[in-house]
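No lab work stands behind these numbers, since they all come straight from the coordinates. This one's a predicted model, so the numbers in the text were calculated from it and none came from an experiment. Because the Cβ atoms are built from the backbone with ideal geometry, glycine has one as well, and the counts that use them run over all protein chains shown.
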Amino acid sequence: MPEWAQSIMTSSITWAVLAGVMAYMLTLVGIPVYTWWERRGAALIQRRPGPNRRGPYGLVQAIADAVKLAVKEDVVPAGANKWMHAIAPMIVMTVALTTFAVIPWSGDIELFGKTVRLQVADLNFGIIFILAISSMAVYGVTLAGWSSNNKYSMLGGLRAGAQMVSYEIALGLAVVGMVLVYGTLKLNLMVAGQEGSLFQWGLFQAPLAFLIYMVATYAETNRVPFDLVEADSEIVAGFHTEYSSLRFGLFYMGEYVHMAVSAVLTVILFFGGYHVPWAHTLFGTTPYATLFPWVMAALAALCLALAWDTSRPKRRALTQGNMIFAAILVAVAGGALLLATLYGLFYDVAWFAALCSMVTQVAVLVVKFLFFFWLFIWVRWTVPRFRYDQLMKLGWKVMLPLALFNIGLTSVLVLAGWL
Amino acid sequence: MGALREYFAAIGRTIVTLGDGLAVTFSYLLRKPTTIQYPDRTAQPVVAMLPERSRGMLENDVEHCTGCSMCAKQCPIDCIHITVVKDEETKTRSLTQFDIDAGKCMYCGLCVEACPIGCLRHSLEFEGAMYDINRLMLHFVTEPRVVAKPPKKGEEVQFAPRGSIVRKFLYEAGARPPSSGGAS
C-alpha cells in the first residue's frame, strides 16, 4: 500500500467525513424510506395493503411524496412574524442533524499502527452534547407555534414548551443513571463498557433507566402517545399548521431525524451499540472480522429473496420497474458475495480485516437501530394519545420521582461494586 | 407503604399492558389485509359485485321513452333536460334532447320512481372520472326520434340490458373502461 493511501486511511478527517456520510445516509437519504415504512407499517397493522402501486412494494411513492412537498406553494400566513416563521423549521432540522456528530458508528480499529474510529467528533462530554443540542429543538417548535399567528399553532407551541421541558428532566436523569453505570460521558467508552456478555448491556445493568429513557424519548420526539404538540384530532396540526411546502418538509424531516437520533442513542446506551453479545467467546480474538462474511452472506440472501419476490410474474404484471429493482438487488447481492470471497482470500492482511470488522460493527448497529426505529412506528399504531393533564401527571409525578429513585439505586449499586 | 406499592404496581402493569398491546398490533401486521385492492385485484369487475338495487348512474332507454317529462319535473336539482318538438304536418312528437348531467345528479332516484314506462333507471355504473366535468353531460338522444307509444295493458316492454346504454356514452365521453377483474 503506497504512503499517500496509508496517510488518507489513517487520517481522522477521512473517518469523520465517512461518519458524517453515514449519518446523512441514515437520515436525509433514509427519510423517504422511513415515511414509506411508516405508511406501510400503519397500513399492515390496520389490515390494509398500504402504498403498493408505484414501484416495487410502493417504494417510489416515497419519492413522489418528496417531490410533491418540494413543488407545493410556500404560504406565509398574514400577520406572521416572517423572520421567526422562516427560521423555526431550520432550528428543528439543524439541531436534529447536529446531534449525530458524536454518535460512534464503530469501535476502535487498528490501521497501520494508528487507531481510528467511525465518529465525527469524539467529545469528552458526548452525551451532554446530545442532551444540550437536542433540547434546543423546543425553541424551533415553540417559535413555529408563536410566529404563525394562528390559535392552533399557538396551542401546539405552548404544549411543546411544557411537554418537552418536562420530559427532558426525566430523560436527563435517566441518562445520569447510565453515566453512573459506565463512569464516562464519552459515547464510545459507553459502548466499549458493554462489551462481553449480554448482561453487560445497559438494559440489564439498569432496566429502570431504560424504561424512563424510552418513555421520555417518545415524549421528546413528539411521537404517539405523546404527540399532543401536533395532535391532529384536536388542534389541526399543532405548531406546523401554518407551514407548507419545504418548510413543512423540514419539520417533517426533523421529526424523523430526531427519531433516528433517539433510536441510535437507545442502542448505544442500552443495547450494546455495535457489540454482538459473547462475541469474543463465540468468534475468537477478532470476532467482527470473523463475522464479516456471514453478514455479507445474510445481506446477499436478503437481496436475492427480495429480488425473487419482486420479479415473480404475479408482481411483474404491475410495473416493469420491478425488474430494474430486482436487477439492482441482484447486483448488490453479487457485490456482497464478492466482498465475502475477498475476505476469504485476504483475511490475514491486517488493514483489510480491520476494515471488514468496522463494516460488521456498523451493520450490527444499523440492524439494532432499525429495530428501534420500527418500535416508534409500532408503538404509534398501538397506544392512544395521552390527555394533556395525564401527560403532565405522568411526567412530574411518576417519571421524575422514578428517575431520582433510579439515580439513588444505581449510585448504591455502583458504590457496592455490583455494577 | 400501600401507596408506594400501588405506585410500583402501576409501573409494572404499564409494562405488561404495553407488551399486550404491542403483541396484538404485531399479530395484526402478519394477518392478511381485509380490504380489497381496487380496482384490479378483485375477482370480477366491481360493477358485477354490486347489489341489485344499487343506485348507479342514470340511463334512459330512449327507444321506449314517451317524452312525458315526469322525470325532469321530479328532479330536485334539475339535472335532466328534455326537449320534445311537435311536427304540425304529421302530428307526431319527436324527442330532440334528453340530457342527464351526471356530474350534478345526486342519485336520489325520484325520477326513476316517477317514470311511468320504466325506461329511465339506475344502472350499476359509477366510475365516471373525466378530465372535464362538462363531459359528464350525457346526451341520450343523438338524433331526433319519434317518441314511443305507451305500452298497452299487459304488454311486456323489452329494455336494453341494464347499464349497456350509459356505459357506451361514458366511454365515448372518455371514461376509462374498468380494468379486467380477476387479472394479475
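Can you put A:Lys368, B:Lys32, B:Lys73 in order of Cβ neighbours within 10 angstrom, beginning with the fewest?
Numbers: A:Lys368 22, B:Lys32 6, B:Lys73 13.
With the fewest neighbours first, A:Lys368, B:Lys32, B:Lys73 line up as B:Lys32, B:Lys73, A:Lys368.
Hey, what do the phi angles of region B:23-32 turn into as Karplus ³J(HN,Hα) couplings, whole Hz, using 6.51/-1.76/1.60 and θ = phi - 60°, x for Gly and Pro?
4, 4, 5, 5, 5, 5, 4, 8, 7, 6
Quick check: net charge around A:Asp108, other residues with Cβ under 13 Å of its Cβ, Lys/Arg +1 and Asp/Glu -1? Please report the intermediate quantities before stating the final value.
On the way: positive: A:Lys114, A:Arg117, A:Lys186; negative: A:Glu110, A:Asp122, A:Glu195.
Net charge in that neighbourhood comes out at 0.
Give me the net charge of A:Arg223's neighbourhood, meaning all other residues with Cβ under 12 Å from the Cβ of A:Arg223; Lys, Arg count +1, Asp, Glu -1. Before the final figure, lay out the partial values.
Working: positive: A:Arg380, A:Arg385; negative: A:Glu38, A:Glu220, A:Asp227, A:Glu230, A:Glu255.
The answer is -3.
Of B:Glu89, A:Glu220, how do they rank once you tally other Cβ atoms within 10 Å and put the fewest first? Intermediate values should be presented prior to the final figure.
On the way: B:Glu89 5, A:Glu220 25.
With the sparsest Cβ surroundings first, the list reads B:Glu89, A:Glu220.
Rounded to a whole number, what is D in µm²/s for region A:79-211 from Stokes-Einstein with the Kirkwood radius over alpha-carbon pairs (37 °C, 0.692 mPa s)?
Working: Rh = 17.0 Å.
Rounded to a whole number, D works out at 193 µm²/s.
Identify the GluC sites (Glu not before Pro) of region B:121-173 meeting these criteria: DSSP loop state and at most 14 other C-beta atoms within 10 Å of the C-beta.
Numbers: sites: B:Glu125, B:Glu127, B:Glu155, B:Glu156, B:Glu172; in loops: B:Glu125, B:Glu127, B:Glu155, B:Glu156.
Those that pass, being in a loop and sparsely packed, are B:Glu155, B:Glu156.
Averaged across orientations, what area in nm² does the convex hull of the alpha carbons in chain A project? Walk me through the intermediate numbers first.
Numbers: hull surface 90.7 nm².
Averaging across all directions leaves 22.7 nm² for the Cα convex hull.
Using a 7 Å offset from the Cα along the Cα-to-Cβ direction at both A:Arg47 and B:Met49, what is the distance between the two label points in nm, to one decimal?
1.6
Using θ = phi - 60° and the Karplus curve 6.51 cos²θ - 1.76 cosθ + 1.60, what whole-Hz ³J(HN,Hα) does each residue of region B:153-170 get, with Gly and Pro shown as x?
Whole-Hz 3J(HN,Hα) from phi for region B:153-170: 4, x, 7, 8, 9, 9, 8, 5, x, 4, x, 5, 6, 5, 4, 4, 5, 5.
Among A:Gly334, A:Gly284, A:Gly272, determine the one that fluctuates most according to a GNM of chain A built with springs between C-alpha atoms less than 10 Å apart.
Comparing A:Gly334, A:Gly284, A:Gly272 in the GNM, the peak value goes to A:Gly284.
Taking neighbour counts of Cβ atoms within 10 Å as a proxy for exposure, in what order, fewest first, do A:Phe125, A:Phe405, A:Phe325 appear?
Details: A:Phe125 12, A:Phe405 16, A:Phe325 20.
Starting with the residue having the fewest Cβ neighbours, the order is A:Phe125, A:Phe405, A:Phe325.
If you build the convex hull over the alpha carbons only and average its shadow over all orientations, what do you get for chain B? Give it in nm² to one decimal. Working shown, then result.
Values: hull surface 76.7 nm².
Average of the hull's projected areas for chain B equals 19.2 nm².
Assigning unit charges at the beta carbon (Lys, Arg +1; Asp, Glu -1) and nothing else, what dipole magnitude in debye, to the nearest 20, does chain B show about its Cα centre?
Values: 22 positive and 21 negative charges, 112 e Å.
Roughly 540 debye for chain B.
Taking the convex hull of the Cα atoms, report for region B:115-155 its projected area averaged over all directions, in nm². All intermediate terms of the calculation are to be shown ahead of the outcome.
Values: hull surface 18.9 nm².
Here the figure is 4.7 nm², rounded to one decimal.
Anyone know which of B:Ile15, B:Ile117, B:Ile165 comes out most mobile in the 10 Å Cα GNM of chain B?
Maximum among the listed residues: B:Ile15.
Please report, ordered by residue number, every helix of chain A (full DSSP H runs) that is 20 Å or longer along its axis going by C-alpha atoms and whose mean Kyte-Doolittle hydropathy reaches 1.6.
Helices passing the filter in chain A: A:321-346, A:350-380, A:400-415.
Need the C-alpha centroid separation for region A:202-236 versus region B:1-65, integer Å.
26
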